[in-house]
Amino acid sequence: MEKKYAKSHRDLIVYQKARTLAQEVFEMTKSFPKEETYSLTDQIRRSSRSVGAQIAEAWAKRPYEKHFISKLTDSDGEQHETQHWIEVAEDCGYISHEKSVQLVEKCREIGRLLGSMIEKSSLFCNPPVRSVKETQAEYFTD
């Protein structure tokens with residue numbers, strides 16, 4: 001089987017899963033009470049959407065491995081925050097325990113995929129083909 005290489009962040013399975021999670025969170029929060037509009041609803045939507053946004057930013061930072069890892073770490077932080085808000089929504093009675101468990105597991109799967117990317121960051125961060133490499137000049141003193 002031939003490996004397919006990602007040409008864009010959109011090709012990454014973790015990015016696709018993050019987009020799906022954000023859409024599920026959006027649909028779920030439509031039923032939240034109006035008084036939660038500027039608190040829980042905004043918080044959970046923001047954090048769930050940020051997971052994919054941070055992955056997209058990481059992709060752009062691939063020439064700089066430390067920045068790539070940093071952005072993936074930020075994405076992982078956002079998925080953890082999303083887990084928290086999902087559990088708060090369950091505590092408030094806005095979603096069922098079953099729905100909470102399902103969404104938290106999706107977050108954890110994204111977290112595992114991000115962790116794998118972080119561990120294998122060098123595979124994503126090869127220098128671009130268009131880069132110019134210069135040999136260091138030799139300096140002599142007499």
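Couple of notes before you dig in:
- Selection status of Gln54, closer than 18 Å to Glu119 by Cα and crowded, with 17+ Cβ neighbours inside 10 Å: yes
- From the list Gly111, Gly115, the one residue that fits, being under 14 Å from the mean Cα position of the chain (by Cα), buried (at least 16 other Cβ atoms within 10 Å of the Cβ) and of a type outside the set (A, V, I, L, M, F, W, C), is Gly111.
- Just one of the listed residues (Asp11, Asp76, Asp42) is of a type outside the set (S, T, N, Q) and at pLDDT below 95, namely Asp11.
- Filter result for Ala89 (closer than 20 Å to His9 by Cβ and of a type in the set (A, V, I, L, M, F, W, C)): no
- In this structure, Arg62 does not qualify as in a helix (DSSP H, G or I), within 25 Å of Cys125 (Cα to Cα) and within 20 Å of the chain's Cα centre (by Cα).
- One residue stands out in segment 24-39 among those that are loosely packed, with under 13 Cβ neighbours inside 10 Å and not aromatic (Phe, Trp, Tyr): the one that is modelled with the lowest pLDDT, namely Thr37.
- Entry remark, segment 118-129: residues being modelled with pLDDT of 95 or more and buried (at least 17 other Cβ atoms within 10 Å of the Cβ) number 1 in total.
- Of the candidates Glu24, Glu36, the single residue that is part of a helix (DSSP H, G or I), more than 19 Å from Ser75 (Cα to Cα) and of a type outside the set (A, V, I, L, M, F, W, C) is Glu36.
- Residues of segment 65-87 that are among the charged types (D, E, K, R) and within 9 Å of the chain's Cα centre (by Cα): Lys71, Asp74, Asp76, Glu78.
- Per this entry, Glu78 is not counted among residues that are part of a helix (DSSP H, G or I), among the acidic types (Asp, Glu), in contact with a Lys or Arg (Cβ under 9 Å, 6 or more places away or on another chain) and surrounded by fewer than 17 Cβ atoms within 10 Å (Cβ to Cβ).
The values are calculated or read from the model by the stated rules, or taken from the named source; none is laboratory data. What you see is a predicted model, and the numbers here were worked out from it, not measured in a lab. When we count neighbours, we look across all protein chains shown, and the Cβ atoms used for this are built from the backbone with ideal geometry, even at glycine.
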